[in-house]
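Asks: Have a look at this one.
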Amino acid sequence: MTGDEERTGQPAPLPSPGAVDCGAARLLRWTLVAIAFLGASGVVAGWFDFAGRDRDAPLALVRLFDLNAEANVPTWLSTLLLACASLAMIAVGAAHRAHGVRGAGHWTVLGGVFAFLSVDEAAQVHELVMQTMDEQMVTSGALAFAWVIPYGLATMVLAAVYLRFWWRLPPRTRRLLGLSAACFVGGALGFELLEGLWQTYRGWGRGMRVLFVIEECLEMTGVALCVYAVVSYWAREFQLCVRRQPKFKPQSGQRVPVVANAAPHAGHVACEESKSTVIEAAARSTSVSPRL
């Protein structure tokens with residue numbers, strides 16, 4: 001019994017042989033290339049920040065790609081990826097609700113969480129939380145950056161609530177989202193704890209720069225994997241896309257074949273119907289001999 005049969009109690013539609021993931025794999029590859037470029041740029045920016053201070057270094061350009069700075073290119077990409085993940089999850093929740101499949105609420109709430117993370121990345125909400133906590137308590141060591149305390153607790157609560165939902169997902173989606181969560185949480189919280197220890201016992205230096213680069217690259221990679229997993233799941237479960245069929249040149253009066261089990265979206269059906277109508281009209285016009 002398939003996942004759709006277990007959730008709805010009805011036979012799942014046959015998958016279309018032309019169903020694809022809407023270019024999600026290609027998008028993931030290009031995103032990973034962009035992340036690798038930003039990681040390399042962050043290393044160069046860190047070197048200039050230390051070694052180039054007395055060499056008339058282009059500090060404005062350095063800050064533009066500094067992974068530890070805000071309001072620059074890496075921050076823009078992180079915010080964009082989190083927003084895309086949020087929109088994809090909300091869309092999947094809407095698709096679940098429209099088809100009467102359970103899980104719509106889980107996807108929608110998770111989309112809201114990623115929407116908050118996108119706002120947090122752009123507006124530095126966690127920095128404001130840390131400033132507020134620093135006024136109330138003194139932290140050091142792994143908790144030197146105090147925002148990890150409330151965010152870490154919230155992450156544990158979210159993981160406990162979503163564990164059963166995650167386990168019910170298809171195996172491929174479950175593995176991808178698990179890897180995505182490991183990268184994102186490991187970068188955002190795990191490396192933040194390491195940076196707190198490094199700052200407390202070693203101070204700021206090149207080591208902190210290396211940790212910053214790894215942290216940000218892990219975060220962006222995790223979100224990119226998340227977007228890929230959600231869009232692929234959406235395309236596969238609800239047959240979001242249909243691969244272009246080879247061009248077909250009909251004979252006179254011959255209709256274009258339409259796959260019965262393809263279950264394409266309404267726009268695709270309308271396109272096929274209009275295409276068949278045009279072909280039939282052309283066939284009738286060619287079959288009538290002209291009057292002399």
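Asks: Among residues other than ALA142 whose Cβ falls under 12 Å from its Cβ, what is the net charge (Lys/Arg +1, Asp/Glu -1)?
Replies: Values: positive: none; negative: GLU192, GLU195.
Every neighbour counted, the sum reads -2.
Asks: What FRET efficiency comes out for TRP76 versus ARG26 if R0 is 25 angstrom and r is the Cβ-Cβ distance? Round to the nearest 0.05. Spell out each step's value before the answer.
Replies: Numbers: r = 21 Å, r/R0 = 0.85.
E between TRP76 and ARG26, to the nearest 0.05, is 0.75.
Asks: Under a Cβ-Cβ cut-off of 12 Å, what is the net charge of the residues other than LEU82 that fall near it, where Lys and Arg count +1 and Asp and Glu count -1? It would help to have the intermediate numbers written out before the result.
Replies: Details: positive: none; negative: ASP120, GLU121, GLU219.
Net local charge, LEU82 excluded: -3.
Asks: Mind ranking 168-177, 228-237 by how tightly packed they are, going by the mean number of other C-beta atoms within 10 angstrom, highest first? Intermediate values should be presented prior to the final figure.
Replies: Values: 168-177: 15.3, 228-237: 22.5.
The densest-packed peptide leads the list: 228-237, 168-177.
Asks: For THR139, what residues show an amide H to amide H distance below 5 Å, using hydrogens built from the backbone and excluding near sequence neighbours?
Replies: Answer set, sorted by chain and number: none.
Asks: Turning to a different aspect of this structure: What are the radius of gyration and Dmax of segment 17-242, computed over its Cα atoms and given in Å?
Replies: Gyration radius and largest Cα-Cα distance of segment 17-242: 19.1, 64 Å.
No lab work stands behind these numbers, since they all come straight from the coordinates. Not measured: the values here are computed from a predicted model. Quick reminder, even Gly has a Cβ in these numbers, built from the backbone with ideal geometry, and neighbours come from all protein chains shown.
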